[in-house]
Amino acid sequence: MKYVIIDNNMPILFGVDGNHADFNERFPGKITSAGFALLENATGGFRVKIYGRSSSLNIGPSPEDGNIIYAHLTSEDPNRHK
């Protein structure tokens with residue numbers, strides 16, 4: 001799936017058919033990072049793997065994007081998936 005993170009550390013996840021740039025129209029100047037996310041099975045749950053970058057926004061991921069997405073998908077400790 002694709003994602004963008006807006007400036008309040010809110011992740012927005014969407015399908016690969018979507019375009020990162022579409023969210024720039026909705027949140028101009030507020031997108032801080034973007035890329036692709038993969039949810040992988042892990043012992044006792046899942047982990048978030050971040051890869052790639054948005055060519056339409058010319059912006060890549062932040063080192064904390066996986067933690068931000070994980071924290072919003074679960075109430076567990078976001079460092080658990082590392």
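Where a number appears in this text, it was derived from the coordinates with a stated rule and is not lab data. Since the structure is predicted, the reported quantities are computational estimates derived from the model, not experimental observations. Here the Cβ is made from the backbone with ideal geometry for all residues, glycine too, and neighbour counts use every protein chain on show.
Quick check on my filter: what residues within the range 25-47 are closer than 21 Å to residue 8 by Cβ, under 9 Å from the mean Cα position of the chain (by Cα) and not hydroxyl-bearing (Ser, Thr, Tyr)? Residues satisfying the conditions are 34, 35, 37.
Among the criteria (1) among the charged types (D, E, K, R); (2) part of a loop (DSSP other than H, G, I, E, B); (3) in contact (Cβ under 8 Å) with a residue 12 or more places away in the chain, the one residue 17 does not fulfil is (3).
None of 8, 67, 24 is on the phi < 0 side of the Ramachandran plot, assigned to a loop (DSSP other than H, G, I, E, B) and either in contact with a helix residue (DSSP H, G or I) (Cβ under 8 Å, 6 or more places away or on another chain) or among the polar types (S, T, N, Q) (or both) except 8. Scanning the range 40-64 for residues that are outside any loop (DSSP other than H, G, I, E, B), surrounded by fewer than 18 Cβ atoms within 10 Å (Cβ to Cβ) and in contact (Cβ under 8 Å) with a residue 24 or more places away in the chain yields 42, 45, 46, 47. Within the range 10-26, being buried (at least 16 other Cβ atoms within 10 Å of the Cβ) and not aliphatic (A, V, I, L, M) holds for 11, 20, 23, 24.
Checking each residue in the range 65-77 for being surrounded by 14 or more Cβ atoms within 10 Å (Cβ to Cβ) and free of Cβ contacts under 8 Å to residues at least 12 places away in the same chain picks out only 71.
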